[in-house]
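Student: Have a look at this one.
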Amino acid sequence: MPEITTSREIDADQATAWALVSHPQRFADWNTLHLRWDEEPPAELTIGAHVVDVVKIKGIVDTIAFTVDEIRHPEFLSLSGSGSTGSTVVLDVTVTEQSPVRCVVTLHIVFTSSVLFGPLGKVIEKAFRKQLDASLDKLAAALVGA
């Protein structure tokens, strides 16, 4: 079961970064794993809210039914879910203020799936890390001038 954590310093204040990462309608603006919502997500994430996300990694499409387990504005969001391929996922997003104009965004994911056994497991784990890093790059680009 891969557990991956990656962080990036972002040239945006904490509130601006948080507004982007915690808003379901903006997931496509930064999350490179997100393809689309399978069901219309709520306008705002709250504890217990459900979102059904269609994600893609290394050509594998999975529909994950997430529940918001914890949310502390403007710094922490935790989602857990199970996928159509038998996968389970925990995704934590942390936005930490560095200064009035900079923050650090950390993505932490724990992923289990039957596809992780054998040689494909290392390929999927490497792909997850690459996609999480790409998501942080996309987030930073989306926040330029925000």
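The values are calculated or read from the model by the stated rules, or taken from the named source; none is laboratory data. Values in this document were obtained by computation on a predicted structure and should not be read as measured data. Cβ: placed from backbone, ideal geometry, glycine included. Neighbour counts: every protein chain shown. Quick note on the areas: whole protein, heavy atoms, side chains included, nothing else; ligands and nucleic acids left out. Shrake-Rupley method; radii C 1.70, N 1.55, O 1.52, S 1.80 Å.
Student: Restrict the check to segment 90-104 and report whether at least one residue is crowded, with 18+ Cβ neighbours inside 10 Å, within 23 Å of R26 (Cβ to Cβ), in contact with a helix residue (DSSP H, G or I) (Cβ under 7 Å, 6 or more places away or on another chain) and at pLDDT below 95.
Tutor: The answer is no; no qualifying residue exists.
Student: Shifting gears a bit: Only one of (1) modelled with pLDDT of 95 or more; (2) open to solvent by 60 Å² or more (accessible area, probe 1.4 Å) is not met by Q25, so which one is it?
Tutor: (1)
Student: Which residue is modelled with the highest pLDDT, if the candidates are limited to segment 78-89 and must be open to solvent by 50 Å² or more (accessible area, probe 1.4 Å) and on the phi < 0 side of the Ramachandran plot? Working first, answer last.
Tutor: Going through segment 78-89, the residues open to solvent by 50 Å² or more (accessible area, probe 1.4 Å) turn out to be 82, 84-86, 88.
Add one more test, that the residue is on the phi < 0 side of the Ramachandran plot, and what stays is 82, 84-85, 88.
Working: S82: 96, S84: 88, T85: 81, T88: 93.
My answer is S82.
Student: Could you look through segment 105-116, keep only residues that are more than 15 Å from D62 (Cα to Cα) and touching a helix residue (DSSP H, G or I) at 6+ places or on another chain (Cβ under 8 Å), and pick out the one that is modelled with the lowest pLDDT?
Tutor: So, considering only residues that are more than 15 Å from D62 (Cα to Cα) and touching a helix residue (DSSP H, G or I) at 6+ places or on another chain (Cβ under 8 Å), the one modelled with the lowest pLDDT is I109.
Student: Looking at segment 50-77, which of its residues are at pLDDT 95 or above, open to solvent by 20 Å² or more (accessible area, probe 1.4 Å) and within 27 Å of A12 (Cβ to Cβ)?
Tutor: D69, E70, I71, R72, H73, P74, E75, F76
Student: Also, quick follow-up: Of all the strands (runs of 3 or more DSSP E) wholly in segment 37-146, which have at least 2 residues that are over 16 Å from the mean Cα position of the chain (by Cα)? Break it down into steps so the answer makes sense when it comes.
Tutor: Numbers: elements: 50-57, 60-72, 76-83, 88-99, 102-112.
Counting at least 2 such residues, we get 88-99, 102-112.
Student: Condition test on R72, is it out of contact with any helix residue (DSSP H, G or I) (no Cβ under 8 Å at 6 or more places or on another chain) and within 19 Å of K138 (Cα to Cα)? Write out each step before concluding.
Tutor: Values: out of contact with any helix residue (DSSP H, G or I) (no Cβ under 8 Å at 6 or more places or on another chain): yes; within 19 Å of K138 (Cα to Cα): no.
Here the answer is no, as R72 does not meet what is asked.
Student: Regarding L143, is this residue under 22 Å from S7 (Cβ atoms), in contact with a Leu (Cβ under 6 Å, 6 or more places away or on another chain), open to solvent by less than 30 Å² (accessible area, probe 1.4 Å) and in contact (Cβ under 8 Å) with a residue 24 or more places away in the chain?
Tutor: Values: under 22 Å from S7 (Cβ atoms): yes; in contact with a Leu (Cβ under 6 Å, 6 or more places away or on another chain): no; open to solvent by less than 30 Å² (accessible area, probe 1.4 Å): yes; in contact (Cβ under 8 Å) with a residue 24 or more places away in the chain: yes.
When the stated conditions are applied, L143 does not pass them.
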